[in-house]
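Presented below is the structure to which this report refers.
What follows draws every value from the coordinates through simple rules; no lab data is involved. If you're wondering where the values come from, they're calculated on a predicted model, not measured in any experiment.
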Amino acid sequence: MGGRLSDDDLTGLETTLRRQWELLRSWVGDLDEAFGREPSVLPQWTVADLVAHLGRAMDALTAARPAPELTPLTLGEYLGTYPERASEVAATSHAIAEEIRFDPLGAVDSMAAAAFAHLTELRSAGGDVVVQARRGPILLSEILLSRLVELVVHGDDLLRSLPRSTSSPLDPEAVDLVAATLLEVLTDRGGWDLEVVDPIAWIRLASGRVPFGMDTVSTALRTRWTSDSLPDLGSRLPLL
């Protein structure tokens, strides 16, 4: 965030996104139709709905088109469009889950493959270009960050929905990057000087997965200077 990335940094971000996708996809494994109908930790979302939403999230890359003449939204502005469209997102995910119910993982594999192939085309234009995405114009680096946010947040949703093993579908580097990104969105809006204590706790708080409270905030964040007290973030959270 905060400006265009160099080609090397953009490549590093793409590598993290690919690694997170591959880890999450491997962890989900062979999801049969009956198991996919199980409820998830998100109210009124099944496990199959979550899997379908992952495909839809990656498909946002396929929908992006170069738009160098447009002024990009910041990532905070882009993510800020999520809450008002929550019902639309849920309805779309339910519809996709129904459409792909006979081969959900095959379908999301195809969506992800198309997304990464299109990303290669976007990268060939050179540099951190502005693209027109579904929610508005945004830098290529920041739509990649937004996809990483999607994979980490919903990967954690799946982890809590399917506590079937001790392994995790979350890449530690991706988790740290998403936590730092969400903190930057928060501090850009409020001007505070905060640090992440527990990345997963902060991601769950920022995405509304745990209720706001000073105890949950203090578990997730701290002030950079011990003489400062944590601000009241009740009007700022959740971010997503």
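Values for this structure:
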| read-out | value |
| --- | --- |
| Amide hydrogen neighbours beyond the local backbone of ARG135, cut-off 5 Å, H modeled | none |
| At q = 0.07, 0.08, 0.11 Å⁻¹, base-10 log of I(q)/I(0) for the chain (Debye sum, equal scatterers on each alpha carbon) | -0.23, -0.30, -0.57 |
